[in-house]
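Structure record follows, encoded as structure tokens.
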Amino acid sequence: MKKDVKIALILKDINELQLLTKGLDEMNSIPEQYLDLAIAKSLSLYENLQQLGNILKDVDVAGELDKSKDNSECLEADRCAENARRAEEARLAEEARKAEEARIAAEKVKAEEARRAEEARKAEEARIAAEKAEAERLEKERQEKERLEAERRAEAERLEAERLEKERQEKERLEAERIEKERIEAERRAEEARRAEEARKAEEARLAEEARKAEEARIAAEKAEAERRAEEERLEAERRAEAERLEAERIAKEKAAEEARHAEEAHPAEEAVIPQAQVTTVADTIHTQESVKDAIARETDSNTIANSLGNKKINDLKSAITIADRFLFQRELFGGDGELLNKTIATLNAMTSIEEARDYINSHFDWNNERAAVVNFMKILERRF
């Protein structure tokens, strides 16, 4: 009985070891619990094998003792047959028992084998299922990786296409901006050229107009100067003629007075009967004297009026300067610069004394004080103060 149990345990340990070691060569690393279980089953198998060996030895020794005892008993004649029969029955019973036990053990072994086979089958199915599941998982992972890789590539391609499209659009935008800037720059340059040409033409026209006005002013100034000189010469001629006339009248007056004095000295006692001619001469002399006085008075009055007008105080230099004088001053004193003339007149108008005005002119201009234009300008300036 013990032998059969040990055999069954040994077979069980062998099957479990086979199940445990199956598929270990496919694993990259063996789990620690597998090693501990395999070692435990190996030790159990070793102990069961030792115990089975001891049981088999004990069975052989008992059999020999039983045979010796039976042989001694068979020496007795009376009991030999009975003993033989009983021994046979016992043997047969023992064999039947052993056969039954062997059958039961075999059935147990078969059942155990069937169980182990079922467990092995289930384990194999579980392994296959696990492998299949693992393969399916790996396949799914592979497919997922491929899907993700495809999506990544598609996304990368999309992003690359977007980048290229953006670069293209940016290049087109920059090119359009460049073209627009060039167009604007060309228009600006054309406009500047047009304005420069207009400014040049306007400047030429302005210079021509200024030149024309300056020429007109020069001509007017020369004409005014000629008229002034002619007027001065005319007045000088009239003054000289009047002076000569007055001198002739004075001489005639003195001569008449001298003749009258000599006549009185030559005829002191006579009543003077003045001849008609003499009367006429005296009357003429008196008339001449009155004419000289009138002439002198007229000349004095004329000079007084002229001097009075020439020395009258003015409040604004600009209004006191005639057009002819303005052209003359601009040409002779300010180099044809009308703006400088206006600025200088405004500055001098704002001053409070003739000394301040003279200092300003001496510090800003290098004029020859003997020039007629300078003399006329300074006379007008003196009238301002």
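Laboratory data are not the source of any read-out in this text; all were calculated from the coordinates shown. A quick note: this is a predicted structure, and the numbers were derived from the prediction, not measured. Methodologically, a virtual Cβ is constructed for each residue, glycine included, from the backbone with ideal geometry; neighbour enumeration extends over all protein chains shown.
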(request) Per residue of the range 166-179, in order, report the coupling 6.51 cos²θ - 1.76 cosθ + 1.60 (Karplus, θ = phi - 60°) as ³J(HN,Hα) in whole Hz, putting x for Gly and Pro. (result) 5, 4, 4, 4, 5, 5, 4, 5, 5, 5, 5, 4, 4, 4
(request) Any chance you could list P(r) for the range 313-385, counting all Cα-Cα pairs in 5 angstrom bins from zero, rounded to whole %? (result) 3, 16, 31, 32, 16, 2
(request) May I ask you to compute the full-extension gain from Ala205 to Lys313, defined as 0.36 nm times their residue separation minus their alpha-carbon distance, rounded to one decimal in nm? (result) 34.9 nm
(request) Provide Asp36, Asp337 in ascending order of the number of other Cβ atoms located within 10 Å of each residue's Cβ, fewest first. (result) Asp36, Asp337
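Taking a 19 Å limit on the Cα-Cα distance, which of the listed pairs Lys201/Lys343; Lys12/Lys132; Lys12/Lys110; Lys313/Lys379 fall beyond it? Intermediate results must be reported in sequence, preceding the final value.
On the way: Lys201/Lys343 26 Å; Lys12/Lys132 28 Å; Lys12/Lys110 11 Å; Lys313/Lys379 11 Å.
Result: Lys201/Lys343; Lys12/Lys132 exceed 19 Å.
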(request) For an R0 of 22 angstrom, estimate the FRET efficiency from the Cβ-Cβ distance between Ile354 and Phe334 and round to the nearest 0.05. (result) 0.65
